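Before any comments, here is the structure.
Every number in this text was worked out from the coordinates using simple rules, so none of it is lab data. On a predicted model such as this, the values are computed, not experimentally measured, just so you know. All Cβ positions, even for glycine, are placed from backbone atoms using ideal geometry, and neighbour counts span all protein chains on display.
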Amino acid sequence: MAERYNVLFLCTGNSARSIMAEAILNHRGKEAFAAWSAGSHPSGKVRPEALSQLERSGLPTEGLRSKSWDEFSAPGAPPMHFVFTVCDNAAREVCPIWPGQPMTAHWGIPDPAAVTGTPEEIARAFHDAFMILDRRIGLFLSLPLSTLQRMAIQNEIDRIGRS
């Protein structure tokens, strides 16, 4: 395995869950990982609630933007080692063929952007999504990637997605 791993988080709109996952991994795994996020149909803007949740958690938000997965499947894009879908829509879509055949997993997270209600209920939905992502990324970071075989890593990242 590589010394530094590239990770792509995918969601349909790339406005909340995948953005939060990108920020979490870039903060918690900055020594060994570089993370990005993208969407199949990006909304073009990051949800302010996602940015607020990241800021409340002490994570940087500078440079976060909603972008298309086409940026990462084009020639010259960084080669990905891992690709995670974090919403059900992206898991059902036909994803691009990623050069190098990265390991993939689906980590379905309820969509906080779909929640309606009071501002407190909406903030709670974003907090809950953040906490699930933070827990799964923490488990992912605990894997001894340099010593595990490819099949064992795939099995473990699939298991993390079911947690």
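Assorted remarks:
- Ranked L141, L10, L51, criterion: other C-beta atoms within 10 Å, fewest first: L141, L51, L10
- A simple charge model with +1 on the Cβ of Lys and Arg, -1 on the Cβ of Asp and Glu and nothing else charged puts the dipole of the range 5-158 at about 180 debye relative to its Cα centre.
- Förster-model FRET efficiency, 35 Å R0, E120 and Q149, C-beta, rounded to 0.05: 0.15
- Relative exposure of C11, C87, judged by other C-beta atoms within 10 Å (fewest first): C87, C11
- Principal-axis analysis of the Cα atoms of the chain puts helix 150-162 at an angle of about 20° to the longest axis.
- Residue order, fewest to most beta carbons within 10 Å, for S73, S40, S163: S163, S73, S40
- Taking GluC sites (Glu not before Pro) across the range 1-85, the ones in a DSSP loop with at most 12 further Cβ atoms lying within 10 angstrom of their Cβ are E3, E31, E62.
- For the chain, the longest principal axis of the alpha carbon atoms and the long axis of helix 119-141 meet at an angle near 10°.
- Think of the chain as a dipole: +1 on every Lys or Arg Cβ, -1 on every Asp or Glu Cβ, centred on the Cα centre; then among L141, A113, A38, L141 lies furthest on the positive end.
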